[in-house]
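Some notes on the structure that comes next.
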Amino acid sequence: MQWLTLSKKSGLTAGFSLIEVLIGIAIAAIGMVGIVELQSVYMQATNHTQNRLIAMTLATEKFDQLSRVEFYELVTPNSGSSETINSPTTDFIRHWLITNRTLISGVWVNTPTAALPPIQPDMKIISITITWTDAQGQQQLMSQQRYVSKNTGPAIPRPRL
């Protein structure tokens, strides 16, 4: 009896109870689940960023290719042109369209390639759109435009507003 009295006075306890251990394990498990979920979100964001970088590179490559073409030879059919590019992560579809623009009475108007009478455009707009399906099955799109003037030569990027 004397021993019980001493332990009560000193407030000493030996070890942990089973309920304390279970609560500690539950808290640690909740933390681990949060870390695993966070890692999954990071992986998705990395994949999304990688695909967007590939799409921007594909658009830049096409702009570079078209910038080497003479102004009056820059033409596409009215529906535009497209191609599929395979990558390790997904397939990308690159679509481009070149629109003729003519300044008529101070107003910029689209002019068809086969206009009658033939109208020589003052400017062309190169529009490139890259589409792909991400890992979640959602359709993604990235679009860029550049303006080319017959007076300035190579394509220049259009500022984003």
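At-a-glance table
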| item | result |
| --- | --- |
| Region 1-34 - residue that is of a type outside the set (S, T, N, Q) and either within 30 Å of T90 (Cα to Cα) or not in a helix (DSSP H, G or I) (or both) and, of those, modelled with the lowest pLDDT | M1 |
| Which listed residue is touching a helix residue (DSSP H, G or I) at 6+ places or on another chain (Cβ under 6 Å), modelled with pLDDT of 85 or more and outside any helix (DSSP H, G or I), from I98, I128, I93 | I128 |
| Close pairs from region 124-141: first on the phi < 0 side of the Ramachandran plot and buried (at least 18 other Cβ atoms within 10 Å of the Cβ), partner assigned to a strand (DSSP E or B) and charged (D, E, K, R), Cβ under 6 Å, at least 6 apart | I126/R146; I130/R94 |
| Single match in E70, E61, E83, E37 (criterion: farther than 29 Å from V148 by Cβ, among the charged types (D, E, K, R) and either at pLDDT 90 or above or loosely packed, with under 11 Cβ neighbours inside 10 Å (or both)) | E37 |
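The values are calculated or read from the model by the stated rules, or taken from the named source; none is laboratory data. Everything quoted here is computed from the prediction, not taken from an experiment. Methodologically, a virtual Cβ is constructed for each residue, glycine included, from the backbone with ideal geometry; neighbour enumeration extends over all protein chains shown.
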